[in-house]
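J.: This is the structure I want to talk about, given as structure tokens.
None of the figures in this text is laboratory data; all of them are computed from the coordinates on show. Source: prediction; values computed, not measured. Heads up, the Cβs are rebuilt from the backbone with ideal geometry, glycines too, and the neighbour counts pull from every protein chain shown.
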Amino acid sequence: MITKVTKGVKISVKTNYEGSFYRKNKLSYAFTYEITIENNSDRMIQIDSRFWKIFDVSKGYEYIEGDGIVGKQPILLPNDVHSYQSGCVLSSAMGSMEGNYLVEDLIDKEQFKVVIPRFQLIAPFSMN
């Protein structure tokens, strides 16, 4: 598990390789990840948006931005935990993801970025 704490907000990431498949006659590799967000601060926060930097060995970098996480903008009170699962399809068996959440302190109306640490997406057979 990979973890990172920013301003009392802890991000933990677990990954899994799901297998390969053909998409448009090209071999693709599917990965899932579970992210746990722990609000260890004394603030009430809301996840407003996300930014991803995805690296695929065969394609280079791709950048993705969007509101919330998997269609939600969760509010976390102090000591609350929010987890979600999502996935990524790469055209190679190796890559990585990293990024940040734009988080709002709902009391002070201050926005700040919470780092999503870089995590590897590696098919087990490619490590041999």
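J.: Could you list the residues of the stretch 77-109 with an amide nitrogen less than 11 Å from a label point located 7 Å from the Cα of residue 46 in the Cα-to-C-beta direction?
T.: 104-107, 109
J.: Could you tell me the center-to-center distance, by alpha carbons, between the stretch 1-49 and the stretch 63-108 in angstrom?
T.: 7
J.: Count the net charge of all other residues whose Cβ sits under 13 Å from the Cβ of residue 108, scoring Lys and Arg as +1 and Asp and Glu as -1.
T.: Details: positive: 7, 43, 109; negative: 42, 104, 105, 110.
Computed value for this residue: -1.
J.: Between residue 108 and residue 36, what is the label-point separation in nm under the 7 Å Cα-to-beta-carbon projection?
T.: In this crude label model, residue 36 to residue 108 measures out at 2.7 nm.
J.: Also, quick follow-up: Would you list 61, 17, 29 from fewest to most Cβ contacts within 10 Å? Don't skip to the end; give the middle numbers.
T.: Details: 61 10, 17 16, 29 22.
With the sparsest Cβ surroundings first, the list reads 61, 17, 29.
J.: Evaluate the relative contact order of the stretch 2-127 (contact order divided by residue number), counting alpha-carbon pairs under 8 angstrom at least 6 apart; express in whole percent.
T.: Reported relative contact order: 30 percent.
J.: Here's another thing I want to ask about it. Restricting attention to the stretch 54-128, which GluC sites (Glu not before Pro) occupy a DSSP loop and are surrounded by at most 15 other Cβ atoms within 10 Å? If you can, show how the numbers build up before the last one.
T.: Details: sites: 62, 65, 98, 104, 110; in loops: 110.
Of the GluC sites (Glu not before Pro), the ones in loops of the stretch 54-128 whose Cβ has at most 15 other Cβ atoms within 10 Å are 110.
J.: To continue, here is another question. May I ask which residue of 21, 63, 44 lies farthest towards the positive end of the charge dipole of the stretch 1-99, with charges of +1 (Lys, Arg) and -1 (Asp, Glu) on Cβ and the Cα centre as origin?
T.: So the residue we want is 21.
J.: Using 0.36 nm per residue, how much length does the chain from residue 126 to residue 65 gain when fully extended, once their Cα-Cα distance is taken away?
T.: Net length gain for the segment: 19.1 nm.
J.: For the stretch 15-118, which trypsin sites (Lys or Arg not before Pro) pass both filters: DSSP loop (anything but H, G, I, E, B) and at most 16 other C-beta atoms within 10 Å?
T.: Answer by residue number: 24, 59, 109.
J.: Oh, and also: Answer with a single label: of [x] 15.8, 52; [y] 20.9, 65; [z] 17.0, 59, which was calculated as Rg and Dmax of the Cα atoms in Å from the structure in view?
T.: So the structure-derived entry is [x].
J.: Moving on. Once the other residues with Cβ under 14 Å from the Cβ of residue 97 are scored (Lys, Arg +1; Asp, Glu -1), what is the net sum?
T.: Working: positive: 4, 14, 50, 53, 59, 118; negative: 34, 56, 62, 65, 98.
Local charge sum for residue 97: +1.
J.: So for 96, 58, fewest C-beta neighbours within 10 Å to most, what's the order?
T.: Exposure proxy ranking, most exposed first: 58, 96.
J.: Show which lysines lie in cross-link reach of residue 113 when reach means a straight Cα distance below 25 angstrom and same-chain residues fewer than eight apart are skipped.
T.: Output for residue 113: 4, 7, 10, 14, 53, 72.
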